[in-house]
1. Taking the condition at pLDDT below 95 and open to solvent by 30 Å² or more (accessible area, probe 1.4 Å), does residue 10 pass?
2. Against the conditions (1) farther than 21 Å from residue 8 by Cα; (2) open to solvent by less than 10 Å² (accessible area, probe 1.4 Å), where does residue 75 fall short? Just the number, please.
3. Can you tell me which residue in the stretch 119-145 is nearest to the ligand (Cβ to nearest atom), limited to those that are more than 24 Å from residue 40 (Cβ to Cβ) and part of a loop (DSSP other than H, G, I, E, B)?
4. Just the residues that are open to solvent by 30 Å² or more (accessible area, probe 1.4 Å) and among the polar types (S, T, N, Q), please, taken from the stretch 80-107.
5. Residues that are within 23 Å of residue 47 (Cα to Cα) and either surrounded by fewer than 16 Cβ atoms within 10 Å (Cβ to Cβ) or among the hydroxyl-bearing types (Ser, Thr, Tyr) (or both): does the stretch 169-187 have at least one?
6. Go through the residues of the stretch 218-226 one by one and say whether even a single one is open to solvent by 20 Å² or more (accessible area, probe 1.4 Å), charged (D, E, K, R), within 30 Å of residue 136 (Cα to Cα) and not in a loop (DSSP other than H, G, I, E, B).
7. Looking at the stretch 108-118, which of the residues that are open to solvent by 10 Å² or more (accessible area, probe 1.4 Å) and either in contact with a helix residue (DSSP H, G or I) (Cβ under 7 Å, 6 or more places away or on another chain) or part of a loop (DSSP other than H, G, I, E, B) (or both) is nearest to residue 5 (Cα to Cα)?
8. Mind counting the residues in the stretch 16-73 that are within 9 Å of the ligand (Cβ to nearest atom) and not in a helix (DSSP H, G or I)?
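The values are calculated or read from the model by the stated rules, or taken from the named source; none is laboratory data. Fair warning: this is a prediction, and the values are worked out from it, not measured in the lab. Positions of Cβ are generated from backbone atoms using ideal geometry, with glycine treated the same way; all protein chains shown enter the neighbour counts. In case anyone asks, the SASA skips ligands and DNA or RNA and just uses the protein heavy atoms, side chains included. Shrake-Rupley method; radii C 1.70, N 1.55, O 1.52, S 1.80 Å.
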Amino acid sequence: MERDEQYGEELFAHGRRGEAARLAALAAALDDSTFRWLERLPVRPNWRCLDIGTGTGTVAAWLSRRCPDGRVVATDRDTALLPPAAERGWETLEHDVTVDGFPDGSFDLIHVRWVLSHLRDREAVLARIVRWLAPGGWVLIQDLDRFPIASSPHPVYRKVSEAMCDAVEARIGTDTSWARTFPAPLRRAGLIDLDTEAFVAPTGATAMGRFWLGSADQLRGDLLEQFAVTEPELRYMHEQMVNPSYRDFALASVAAWGRRPER
Ligand SMILES: C[S@@+](CC[C@H](N)C(=O)[O-])C[C@H]1O[C@@H](n2cnc3c(N)ncnc32)[C@H](O)[C@@H]1O
């Protein structure tokens, strides 16, 4: 039987042309919102922190500045896009969150951004992650959701953006509507003191626009062959994502946070 394609095997592989720039643009679009959410948690300088699916490592870098007396571990299935070891103030581990583990109770804070929605067994993985938390430890999860696209006032942009979400779902099994259900998955995983909030970065000639265009470029073949997108429609996307007077929204970043009970 043919195995289902996973994130990073081909689509969004770190070695693909443009992928480093696409993930750098994502971090530039989202980091400020992530740091604001992290600041709401009672983070202490001696906390042991884990950033799962760290990508370019910008959140791990922030955590290592915020927790100088603790420990920061950044994991990814592919660590190729991280800065050189000498420039990092944190530990790095090649680690597949669907199969590799940590001892129970290893961390005071676990952060995971735009990773779990891409995994077919996302809620089982979340349940494992929660076990790696010390009693009283916090999880901050953020994931993408397509809900802002349906109300776009630009029909071609809306059509291509919806097709991009459908194409990623079909290709690697991403659930582009899972995050809209937050914080329920955290409740099911046994966490308490839950809350949720969303941030929507604008597209156009912006960091999120660069990310969205980079995603469209990687999905180009799927969009043209399977999702009835045309070459002129893709050209329109290219023009608008460098047009300083164009603004729309693409994926929302939905955050949820919660704490493992003390006992
Ligand atoms: C969309 S990127 C997000 C990167 C980073 N968290 C951020 O928000 O800037 C998804 C990341 O998850 C990683 N990833 C995907 N599947 C994974 C897995 N099974 N285990 C660990 N990391 C994984 C990818 O390699 C990639 O770096």
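1. Working: at pLDDT below 95: no; open to solvent by 30 Å² or more (accessible area, probe 1.4 Å): yes.
Here the answer is no, as residue 10 does not meet what is asked.
2. Residue 75 satisfies all of (1) farther than 21 Å from residue 8 by Cα; (2) open to solvent by less than 10 Å² (accessible area, probe 1.4 Å) except (1).
3. Among residues in the stretch 119-145 that are more than 24 Å from residue 40 (Cβ to Cβ) and part of a loop (DSSP other than H, G, I, E, B), the one nearest to the ligand (Cβ to nearest atom) is 119.
4. 92, 98 - these are the residues of the stretch 80-107 that are open to solvent by 30 Å² or more (accessible area, probe 1.4 Å) and among the polar types (S, T, N, Q).
5. Looking through the stretch 169-187, none of the residues is within 23 Å of residue 47 (Cα to Cα) and either surrounded by fewer than 16 Cβ atoms within 10 Å (Cβ to Cβ) or among the hydroxyl-bearing types (Ser, Thr, Tyr) (or both).
6. No, the stretch 218-226 contains no residue that is open to solvent by 20 Å² or more (accessible area, probe 1.4 Å), charged (D, E, K, R), within 30 Å of residue 136 (Cα to Cα) and not in a loop (DSSP other than H, G, I, E, B).
7. Of all residues in the stretch 108-118, those open to solvent by 10 Å² or more (accessible area, probe 1.4 Å) come to 108, 113-115, 118.
From what's left, either in contact with a helix residue (DSSP H, G or I) (Cβ under 7 Å, 6 or more places away or on another chain) or part of a loop (DSSP other than H, G, I, E, B) (or both): 113-115, 118.
On the way: 113: 21, 114: 18, 115: 15, 118: 11 Å.
Across the stretch 108-118, the extreme among qualifying residues is 118.
8. Result for the stretch 16-73: 7.
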